[in-house]
Amino acid sequence: MRSSPCYDAARTVMTTESKNQPLPSEGPDILADFPKPTYEEWRAEAERLLKGAPFEKKLITRTPEGIELQPIYNASDIANIPGLGEAPGTGSQLRGSRASGYLRKPWEVSQELPYATPEEFNAAALADLARGQTELNIPLDLATLHGRDPDAAESGEVGACGLSLATLADAERAFSGVELPRVSVYLHAGASALPAAALLLALARKRGVSTSHLRGCLESDPLGMLAWKGSLPVSLGRAYDEMAALTRFAATAAPGLQTIAINTQPYHDAAATATQELAFALATGIEYLRQLEQRGIAIEDALPHVRFSLCAGSHFFMEVAKFRALRQVWTQAVRALTGEDITPPIHLHVRTGTYNKTIYDPYVNMLRTTTEAFSAVVGGCDSLHVGPFDEIFRLPDEFSRRIARNTQIILAEECELTKVIDPAGGSYYVEWLTHEVGKRAWDIFREIEKEGGMSVALAKEIPQKASAATAAMRAANVAKRRTIIVGTNQYPNAGEKLPERNLPDYAAIREKRARQVAEFRNSASTEADTRTLESLNAILQSEGAAAVERAIEAALGGATIGEIARALRGGDEPDVKVNPVCIHRAAQPFERLRDASAEFARTHGNPPLLFQANIGPSRTYRMRADWTSAFFEVGGFKVLNARDFDTVEEAARAAAESGATIACITSTDDTYAEVVAPLARAIKAANSGILVLVAGAPGDNEAAWREAGVDEFVNVRSDALALLTNLLKHAKVLS
């Protein structure tokens with residue numbers, strides 16, 4: 001945050017004066033007037049205020065991880081936790097991977113740029129690098145991830161999920177105006193980065209840039225892609241061979257590049273808990289180290305080239321604990337694997353997850369990502385992507401990218417989080433929770449190790465079943481509104497106008513990209529074609545770092561990514577297939593209801609109607625009346641609630657004339673005793689097809705009211721998703 005000159009001057013004077021003033025050595029002990037209570041005294045007072053309600057039910061929070069959060073923590077809770085006395089950057093790295101925190105080097109502002117063509121990507125990259133972005137975060141499209149040229153891929157693959165990159169010319173257009181040594185690059189390359197990395201490394205060589213000056217990550221994460229898609233474009237063994245080749249190359253020629261990525265987004269967005277996500281990351285990382293060691297790369301040589309990519313969710317302190325615990329348990333795992341007391345380097349990238357994001361009331365996503373970004377920074381991330389509010393339903397535009405990027409800049413420059421080191425350190429609650437998360441994640445990790453490692457666990461569907469069980473539990477809480485999703489299952493904005501859900505024209509993108517690749521091939525001379533064939537043949541004869549060199553030479557000679565991939569993988573066939581994790585968003589079931597109601601409104605001229613029969617002046621039960629209206633608006637109903645009625649006859653007549661197929665009686669509990677039964681009978685007599693509901697719990701009156709014609713009751717215990725689904729079926733919105 002920029003300060004005014006006057007403020008800076010005043011601060012300087014105050015600082016100078018304070019330095020010259022001795023601290024008082026004697027004086028009244030103010031704290032003596034406030035004796036420190038014991039925990040037992042505090043609990044006794046808390047239980048008195050609960051007036052008989054169970055302490056465990058009211059003040060203890062149970063998380064999806066199975067952790068019981070206490071209402072208060074003290075020094076005794078962390079007395080036996082190891083590592084609390086360590087300095088940042090030492091020991092288990094609990095307090096951070098760098099001694100200086102962000103003081104010398106802030107985290108990288110690493111916003112994903114998921115644009116399909118090199119030209120679109122370049123325009124966004126140049127604009128955002130000039131406005132605070134410091135790392136180019138490049139998701140690749142499905143065709144590139146599979147090593148296919150655009151003209152050999154399906155139209156739904158080219159441009160889907162990211163950048164279409166097929167030739168050196170594509171790389172030149174994508175990175176036009178970008179000074180590679182000055183900008184970190186994070187290339188999301190899926191199962192193996194080698195073919196795509198060859199294009200980037202060839203570009204650096206063509207520009208005369210030494211690969212030793214490059215920074216960033218050329219992601220190879222076969223198990224992450226297996227969890228996401230269920231299959232790989234290569235055999236798992238070949239993916240490990242290519243990971244080893246690229247890592248060996250980086251160890252000697254590009255020490256600033258990470259080549260081994262552990263990306264937990266598939267698990268997070270499949271609703272996995274924090275402890276599950278952390279355990280899956282550990283198991284994946286350890287399997288990668290073992291596979292590289294089998295291919296002749298010492299674990300100590302591989303460790304500097306590892307990048308973790310975790311997701312941030314909505315439980316602020318749980319996420320802080322997860323990020324802090326990662327460093328500790330990774331250090332523990334590496335020491336167990338090597339038998340050496342080493343402190344491994346750790347690069348932690350964090351991206352805000354999509355599981356809790358919404359299409360309806362999408363601007364609330366800005367608030368969600370703000371707390372998630374805050375947790376990532378407090379947890380000590382090294383690079384961060386803050387999701388634009390619209391990333392789940394369209395390509396982010398300049399506005400949404402700017403808001404997301406500025407969230408990071410505000411945290412750094414206005415909140416001044418770069419000026420503190422491990423701000424959560426020493427908090428009884430956070431230290432206890434960090435230890436608990438790490439311990440539980442370690443237990444899950446050990447179970448995976450007993451099964452044979454992460455690839456075996458995926459084949460046995462252990463992560464899939466674990467995340468599915470958690471997803472079912474979370475879904476039940478969302479359906480019953482125990483978990484609130486603002487603007488979706490609670491507090492809907494009934495009159496909102498949704499932003500357009502624009503998706504790219506993938507057929508047009510494929511046509512354009514296929515034409516560009518064809519023109520690139522046709523522009524090559526016969527001599528160049530010969531050199532390209534020679535380079536591709538050389539790849540077939542090479543192994544390890546030599547294969548990387550040959551791939552770079554082939555790219556410089558004009559080979560496409562498809563040609564390089566085929567040369568690298570001659571004779572190889574995919575050999576593993578699993579059921580992928582079920583990636584979804586918590587809001588989707590409710591969004592489907594709203595979508596169906598919106599489609600009904602487009603075809604019928606009006607949304608489905610629901611008549612709210614307010615009996616007596618609604619100001620006397622305003623909270624119930626508003627709560628009831630909002631409940632039905634969650635399903636996309638237009639609630640007819642403008643009038644209050646004094647008599648049963650008046651309300652019944654209005655219900656019949658409203659055109660609604662559902663009516664909800666709303667009033668005070670005292671009034672219900674007099675009006676529910678006669679009003680239900682009157683409504684049914686006028687139109688037997690109307691469904692009659694009552695807002696509130698019926699208590700002992702349920703049987704009598706149902707006999708009078710009441711079909712259902714709506715209250716805080718209702719399964720909102722199930723009830724609204726049935727109501728929309730009755731209204732002929734859903735079949």
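The values are calculated or read from the model by the stated rules, or taken from the named source; none is laboratory data. Here the structure is a predicted model, which is why all the values come from computation and not from measurement. As a convention, Cβ positions derive from the backbone with ideal geometry for all residues, glycine included, and neighbour counts pool all protein chains shown.
Of all residues in region 296-332, which are of a type outside the set (Gly, Ala, Ser), over 24 Å from residue 585 (Cβ atoms) and part of a loop (DSSP other than H, G, I, E, B)? Hit for region 296-332 is 297, nothing else. Restricted to region 459-479, and to residues there that are of a type in the set (A, V, I, L, M, F, W, C) and touching a helix residue (DSSP H, G or I) at 6+ places or on another chain (Cβ under 6 Å), the residue that is nearest to residue 718 (Cα to Cα) is 479.
Kindly indicate the residue of region 624-657 that is among the polar types (S, T, N, Q), out of contact with any helix residue (DSSP H, G or I) (no Cβ under 7 Å at 6 or more places or on another chain) and crowded, with 17+ Cβ neighbours inside 10 Å and also farthest from residue 497 (Cα to Cα) among those meeting that condition. Walk me through it before giving the result.
Step one: of region 624-657, the residues among the polar types (S, T, N, Q) are 628-629, 641, 647.
Filter once more, so that each one left must be out of contact with any helix residue (DSSP H, G or I) (no Cβ under 7 Å at 6 or more places or on another chain): 628-629, 647.
When the remaining residues are screened for being crowded, with 17+ Cβ neighbours inside 10 Å, the result is 628-629.
Details: 628: 22, 629: 19 Å.
That would be 628.
Picking from 531, 550, which residue would you name as being surrounded by 20 or more Cβ atoms within 10 Å (Cβ to Cβ), without any contact (Cβ under 8 Å) to a residue 40 or more places away in the chain, over 30 Å from residue 365 (Cβ atoms) and among the basic types (Lys, Arg)?
Values: 531 fails: surrounded by 20 or more Cβ atoms within 10 Å (Cβ to Cβ).
550 is the lone residue from the list that is surrounded by 20 or more Cβ atoms within 10 Å (Cβ to Cβ), without any contact (Cβ under 8 Å) to a residue 40 or more places away in the chain, over 30 Å from residue 365 (Cβ atoms) and among the basic types (Lys, Arg).
Can you tell me which residue in region 337-382 is surrounded by the most Cβ atoms within 10 Å (Cβ to Cβ), limited to those that are of a type in the set (D, E, K, R) and part of a loop (DSSP other than H, G, I, E, B)? Before you say what the answer is, go through the steps one by one.
First, pick out the residues of region 337-382 that are of a type in the set (D, E, K, R): 340-341, 351, 357, 361, 368, 372, 382.
Now narrow it down to the ones that are part of a loop (DSSP other than H, G, I, E, B): 340-341, 357, 361, 382.
Values: 340: 10, 341: 8, 357: 24, 361: 17, 382: 22.
Per the criteria, the residue is 357.
With respect to residue 184, is the statement that it is among the polar types (S, T, N, Q) and out of contact with any strand residue (DSSP E or B) (no Cβ under 8 Å at 6 or more places or on another chain) true? It is false that residue 184 is among the polar types (S, T, N, Q) and out of contact with any strand residue (DSSP E or B) (no Cβ under 8 Å at 6 or more places or on another chain).
Elements of the type helices (runs of 4 or more DSSP H) sitting completely within region 626-735 and holding at least 2 residues that are touching a residue at least 60 places away in the same chain (Cβ under 8 Å): these cover 669-686, 720-730.
Taking the criterion of being surrounded by fewer than 11 Cβ atoms within 10 Å (Cβ to Cβ) and farther than 20 Å from residue 436 by Cβ, the residues of region 54-68 that qualify are 54, 57. Of the helices (runs of 4 or more DSSP H) contained entirely in region 104-187, those carrying at least 2 residues that are within 24 Å of the chain's Cα centre (by Cα) and either in the same structural domain as residue 392 (by TED's automatic domain parsing) or closer than 17 Å to residue 518 by Cα (or both) fall at 118-129, 142-145.
Which of the residues spanning region 503-526 are part of a loop (DSSP other than H, G, I, E, B) and either in contact with an Asp or Glu (Cβ under 9 Å, 6 or more places away or on another chain) or without any contact (Cβ under 8 Å) to a residue 24 or more places away in the chain (or both)?
Narrowing region 503-526 to residues part of a loop (DSSP other than H, G, I, E, B): 503-505, 524-525.
Of everything in region 503-526, those that are part of a loop (DSSP other than H, G, I, E, B) and either in contact with an Asp or Glu (Cβ under 9 Å, 6 or more places away or on another chain) or without any contact (Cβ under 8 Å) to a residue 24 or more places away in the chain (or both) turn out to be 505, 525.
Do the conditions hold for residue 546, that is, is it modelled with pLDDT of 95 or more and either closer than 30 Å to residue 210 by Cβ or of a type outside the set (Phe, Trp, Tyr) (or both)? No.
A quick yes/no check of all residues on (1) outside the structural domain of residue 725 (by TED's automatic domain parsing); (2) farther than 30 Å from residue 232 by Cα; (3) modelled with pLDDT under 95; (4) out of contact with any strand residue (DSSP E or B) (no Cβ under 8 Å at 6 or more places or on another chain):
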site	(1), (2), (3), (4)
432	yes, yes, no, yes
454	yes, no, no, yes
466	yes, no, no, yes
505	yes, no, yes, yes
524	yes, yes, yes, yes
534	yes, no, yes, yes
